[in-house]
Structures are given as structure tokens and as C-alpha cells.
Amino acid sequence: MPESGIRNIVFDLGNTLVFFDYSYFFEGVYKLDRKLKPVMLKKYFRENRLDVHLGTGRTNIRESFKKLKRRHDLSIGFDDFHNLYCDIFWENTPMKEFIEEKLLSTKLRLFMLSNTDSSHINFINNNFPYVRHIKRRILSFKVNAIKPEKKIYSKLIERMNIVPEESVFIDDLKPNILTAGSMGFNTIHYTSHGRFLKEFRKLTGIR
């Protein structure tokens, strides 16, 4: 264990390990099927809380596509729709380098706690090899709970045998940080990589 007493690093996925922007999906669908403007698709996802339903495994992207296709009489096929849904991510290069050049040579245990679905995590595993270094994972669609619900943090603690006080939790969303903090985790709100490095150094002593 490092002198700081920190043993575990828990990463969020989206906008922490990799960046993402759903607008690429909304705009991409419109380019292939002019019946569905980006603002309409965004509204449909928001009003039907598809991020929650997909993230908790209550539905999947194929079922969501079928409903959307019927409602808007779409001509786009599922494969194109699914490819666009997945291809919204890009590499967080500074984080990639930090993990590969700094963390992998330490004795720290690395974890992922993510609100995600099977389509997105499979795409990320296939396209961002550095994320695969983090093998211990609690994924929302597998445990039927999403951040910032306490249930998903409890799953992490129980299944991975984690002591929150010996852990650093890193996430880009403040509500997720607040819940983690309330459960005893040391936290870093990921808003810029430079700030992250300074806070990580304070907590772990690792430069």
C-alpha cells in the first residue's frame, strides 16, 4: 500500500476515461434519415429516459430502435443506427498516458464504476485498448442500478471488497462525486486533467 494509505482507484468511464458526445449520434441519424431531426431524437431520448433504461438494463438499444422506427416511420436500418449510437467516443489521451505510464507500475488496484450499456462498453473495449487495463468493473446495466444511486456504490464495495476510505473515486459529474463522498470515498471531480493530477498527487503521493 502507498504511504498515503490509498489502495484503490475507481474510475468513471464517460468523460473521464474516454470522452463522448451524443450529438454525433443525433446528427448522424439525421444525415441518414431526414425524418428525424437531431433535436427530435434528443427529445425522444430525454423524455423516455432512455439513458436510465439502457443504463439499468431495463431495455436495450435494439428494442429502443424498434419503437423509434415505428413511431417515426424510419428507413434507417438497425446496423447503421447502432453504429452511430456507439461511435460517439474518443480517446482521453492524457488519461491513457497516465494509466499506462504511471498507474500500471504501482500496486494500486484499478476499478471502473460506470453508467453504461452492453453496446457502449463493447465498443469501448474494442476501440480503446487502454480501458481494458481496468478489469475490475461494476457496470450499471449488469447490476440494475445507476449513479448516483447508493445501490451501485454498495455493489462496488461488496463485490470488490473495497474499503471506501482506502479508495479514490474519480468522476466528471458532481452528483456522483457527492454520493461517493457520503459513503466514505476520497473523491476527485474530473473537470480538467491538470487539476486531476494535482488532486491525485495530494491523495496518493504519486506524480
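The values are calculated or read from the model by the stated rules, or taken from the named source; none is laboratory data. Nothing here was measured: the structure is a model prediction, and the numbers come from that model. Here the Cβ positions follow ideal geometry from the backbone for every residue, glycine too, while neighbour counts run over all protein chains shown.
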Please go through (1) surrounded by fewer than 16 Cβ atoms within 10 Å (Cβ to Cβ); (2) under 20 Å from the mean Cα position of the chain (by Cα); (3) free of Cβ contacts under 8 Å to residues at least 60 places away in the same chain; (4) not assigned by TED's automatic domain parsing to the domain that holds GLY194 for THR59 and return the number of the only condition it doesn't satisfy. (1)
Considering residues of the range 10-36 that are assigned to a loop (DSSP other than H, G, I, E, B) and in contact with a helix residue (DSSP H, G or I) (Cβ under 6 Å, 6 or more places away or on another chain) only, the residue surrounded by the most Cβ atoms within 10 Å (Cβ to Cβ): LEU17
Breaking point among (1) in contact (Cβ under 8 Å) with a residue 40 or more places away in the chain; (2) out of contact with any strand residue (DSSP E or B) (no Cβ under 6 Å at 6 or more places or on another chain), for GLY184: (1)
Take LEU110 and decide whether it is touching a helix residue (DSSP H, G or I) at 6+ places or on another chain (Cβ under 7 Å), at pLDDT 95 or above, surrounded by 13 or more Cβ atoms within 10 Å (Cβ to Cβ) and more than 19 Å from ASP51 (Cβ to Cβ). yes
Out of the range 150-172, which residues are hydrophobic (A, V, I, L, M, F, W, C), surrounded by 17 or more Cβ atoms within 10 Å (Cβ to Cβ) and not in a helix (DSSP H, G or I)? ILE162, VAL168, PHE169, ILE170
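Residue by residue, here is whether (1) out of contact with any strand residue (DSSP E or B) (no Cβ under 6 Å at 6 or more places or on another chain); (2) at pLDDT 95 or above; (3) not in a helix (DSSP H, G or I) holds:
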position: ARG46; (1), (2), (3): yes, no, no
position: THR59; (1), (2), (3): yes, no, yes
position: SER64; (1), (2), (3): yes, no, no
position: SER75; (1), (2), (3): yes, no, yes
position: TYR85; (1), (2), (3): yes, yes, no
position: MET95; (1), (2), (3): yes, yes, no
